[in-house]
Structure formats: structure tokens, C-alpha cells
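Each remark here refers to the structure printed beneath this line.
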Amino acid sequence: MTTANSTQDPSRLTAVVTGASSGIGRATARRLVEEGWHVLAVARREDRLEELAAETGCEVLAVDITADDSVDRLVARARELFGSGLNAVVHVAGGALGVETAAEADLEKWQRMYDINVLGTVRVTRALLPALRESGRGDLLFVTSVAGHEAYPGGSGYNAAKAGEHMLAGALRLELNGERIRVIEIAPGMVRTEEFSLVRLGDQDAADAVYDGVEQPLTAEDCADVISYALNAPHHVNLDLVMVRPLAQAAAHRVARHQGV
Ligand SMILES: NC(=O)c1ccc[n+]([C@@H]2O[C@H](COP(=O)([O-])OP(=O)(O)OC[C@H]3O[C@@H](n4cnc5c(N)ncnc54)[C@H](OP(=O)(O)O)[C@@H]3O)[C@@H](O)[C@H]2O)c1
């Protein structure tokens, strides 16, 4: 864990990025650092965060967004690093568990998906909102999913959790209207990251099969591009909702597949 305190340069934009130990969150943290942002990158796995810190020079902290005391430590560290100058909270932590039909719903998985994608996200939002307000230039960016907008067979638990996260963003945008805080939702379609499908399916072969025959699924870096655009746009420009999919995907469950790709 990075322990040094830093003196905040007031001209440098600052961000907390959750889910930064892999995939979209890691690519986003890396991208923002390259662009000159001062980034505090968080997730549960400290070893992976340390690798990211060594590679990019970002600040890191092991945080479980489903635990109050852990999020309290995040608030304290963000305050220590950024003072009253927190500009963005980028909510990437989340994910799917299982592909059971609703008839065979595994309620323990539903609970965990809700805990991470919805309750964890609102816990971090509630905790860091005062610091965003104080900065006078704040952003709350939510990485939801097309799964929060389109149901698909075997998706109900994840559909429900991501729809919950989408609604959280929508309510916040209304509640914060008139304040200097943008609420941005990026909803990706199929993104080939090394862990998303593995975590969901629990098996590497099954995870690889998700992308069989699909010409160029999105990458984590493609998503980081969109996130970077949204965060770096002039602050009066609010990208409320961006759905971004690979060309090969027309809907959550409608994906062109070719032999030999
Ligand atoms: N890949 C896709 O096809 C896709 C499509 C649409 C939307 N999304 C969404 O995009 C986000 C990132 O997906 P990804 O593909 O980058 O997946 P990923 O590689 O599995 O990343 C998930 C991240 O969330 C973190 N995380 C999980 N539980 C956490 C907790 N309790 N506290 C703190 N951090 C936690 C993980 O880190 P630790 O395990 O170290 O805590 C990891 O860094 C997710 O919200 C996902 O639902 C993904």
C-alpha cells in the first residue's frame, strides 16, 4: 500500500477508481494517471493493487466496498490525499455470478450481486459525496452494463442488480440537479476482460467460450477510452448514459459469431 502523503496540486484533477485490481477499473486507473490525474485506486486484492501502483505511480488502498469500516478507511485516505479536492468517483467494482434461470435462482448469488453492484456502490457514493461537493467540480461515474437495460435468458440476477445500479444513477442525477456534480453512466456490452466471465462461470473453458467466434469484443482499454472522454469533457457536458458495444453485438443476447475467429 502506498503510504506517503502527497501535497495536492490544486490544478490536478483527482479520482477514486473502484474495481482497479483488474479489467476495466485497472485500465481506467492507468489511463487517468497517464492523463495527469491523481488517482486513488481501490479493490480488495492488495497484491494486484501494489503491481498497479508500481507500474503507474497511482495511490492504492485495499477496500471492500461491501464493508462499512473498509469504506470509512477509504474516506479517510481520500481526505488525506486530496483534502477537499476530490473530483471524481469512478464506480467500476461489480460483476456477475452465475447464469441460472430465474426458476433456478441461486439466492445467495443474487444477494452477493446486489451487495456489490448496488449496495457497495451506494455505500461508496454516500461516503464520498461530501468530498465531491467540496471540490466544486465533481463527477460520479457508474459502470453499469447493457444487462441493466436489457434482460436476457440466464441473466436475471445480474440484470436486476445492474438495473438497480442504473436506477441509483438516475435518482442521484435528479437529486443533485443544480449542484456541480455530474452523474454519468457508462453501460458496456461484451468486454473481454480476464476475470469477468471467469468469476461469473467459475471455469476457464466456459469463460473462454463466451467469446467464441466473436470478432473483436470490446477491451478494458476501449471502456477506459469512453470513461476518459466522459470525465475530461468540459464540466457542463454531462454524458448521462452511454451504451457501448462491440460492432459484433446488437443486443445483450444477439452476438454475431463466425467459425475460426
Ligand atoms: N466484462 C464485461 O463484459 C462487462 C460488461 C458490462 C459491464 N461490466 C461491468 O464492468 C465492471 C468491471 O468489469 P470487469 O470486466 O473489469 O470485471 P473484473 O475484471 O472481474 O473486475 C471486477 C473488479 O471489481 C472488484 N471487486 C469485486 N468485488 C469487490 C468488493 N466487494 N470490493 C471492492 N472491489 C470489488 C474486483 O477486485 P477484487 O476482487 O480485488 O476486489 C475487480 O477489480 C463491473 O461492474 C461489471 O459488472 C463488465
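A230 is checked against (1) closer than 26 Å to E179 by Cβ; (2) open to solvent by 20 Å² or more (accessible area, probe 1.4 Å) and fails just one. What number does that condition carry?
Every condition holds for A230 apart from (2).
Give me a count of the residues in region 141-156 that are under 23 Å from A250 (Cβ atoms) and either away from the ligand (no atom under 11 Å from the Cβ) or in a loop (DSSP other than H, G, I, E, B) (or both).
Here the count works out to 10.
Return the residues of region 221-247 that are away from the ligand (no atom under 13 Å from the Cβ) and of a type in the set (G, A, S); say none if nothing qualifies.
Scanning region 221-247 gives S228, A230, A233.
Taking only region 188-220 into account, find how many residues are surrounded by 15 or more Cβ atoms within 10 Å (Cβ to Cβ), more than 8 Å from the ligand (Cβ to nearest atom) and either outside any loop (DSSP other than H, G, I, E, B) or basic (K, R) (or both).
Residues that pass the stated criteria total 3.
Go through region 60-81 and count every residue that is touching an Asp or Glu at 6+ places or on another chain (Cβ under 7 Å) and within 16 Å of the ligand (Cβ to nearest atom).
4
For region 38-54, how many residues meet the condition of being of a type in the set (A, V, I, L, M, F, W, C), more than 8 Å from the ligand (Cβ to nearest atom) and either surrounded by fewer than 23 Cβ atoms within 10 Å (Cβ to Cβ) or in a helix (DSSP H, G or I) (or both)?
Final tally of qualifying residues: 3.
For V75, indicate whether it is under 26 Å from R180 (Cα atoms), among the hydrophobic types (A, V, I, L, M, F, W, C) and open to solvent by less than 30 Å² (accessible area, probe 1.4 Å).
The answer is no for V75.
Just to be sure before I move on: is A103 over 16 Å from L74 (Cα atoms) and in a helix (DSSP H, G or I) in the structure I sent? Explain how you work it out, then say what you get.
Details: over 16 Å from L74 (Cα atoms): yes; in a helix (DSSP H, G or I): yes.
Yes; evaluated as a whole, the condition is true for this residue.
Among the numbered criteria (1) open to solvent by 20 Å² or more (accessible area, probe 1.4 Å); (2) within 23 Å of N232 (Cα to Cα), which one does Y152 miss?
With respect to (1) open to solvent by 20 Å² or more (accessible area, probe 1.4 Å); (2) within 23 Å of N232 (Cα to Cα), Y152 is out only on (2).
Need the failing condition index for E165 against (1) of a type in the set (D, E, K, R); (2) more than 9 Å from the ligand (Cβ to nearest atom); (3) under 19 Å from I116 (Cβ atoms), just the number.
Only one criterion in (1) of a type in the set (D, E, K, R); (2) more than 9 Å from the ligand (Cβ to nearest atom); (3) under 19 Å from I116 (Cβ atoms) is unmet by E165, namely (2).
Can you tell me which residues in region 160-187 are farther than 25 Å from S21 by Cβ, part of a helix (DSSP H, G or I) and either in contact with a Gly (Cβ under 6 Å, 6 or more places away or on another chain) or open to solvent by less than 20 Å² (accessible area, probe 1.4 Å) (or both)?
Result: A163, L172.
Can you tell me which of (1) open to solvent by 20 Å² or more (accessible area, probe 1.4 Å); (2) within 13 Å of the ligand (Cβ to nearest atom); (3) not in a helix (DSSP H, G or I) is the one S84 doesn't meet?
(2)
The values are calculated or read from the model by the stated rules, or taken from the named source; none is laboratory data. Since this is a predicted model, take the numbers as computed values, not measurements. Neighbour counts are summed over all protein chains in view; Cβ atoms, including those assigned to glycine, are modelled from backbone coordinates with ideal geometry. We work out accessible area using only protein heavy atoms, side chains counted, and drop any ligands, DNA or RNA first. Shrake-Rupley method; radii C 1.70, N 1.55, O 1.52, S 1.80 Å.
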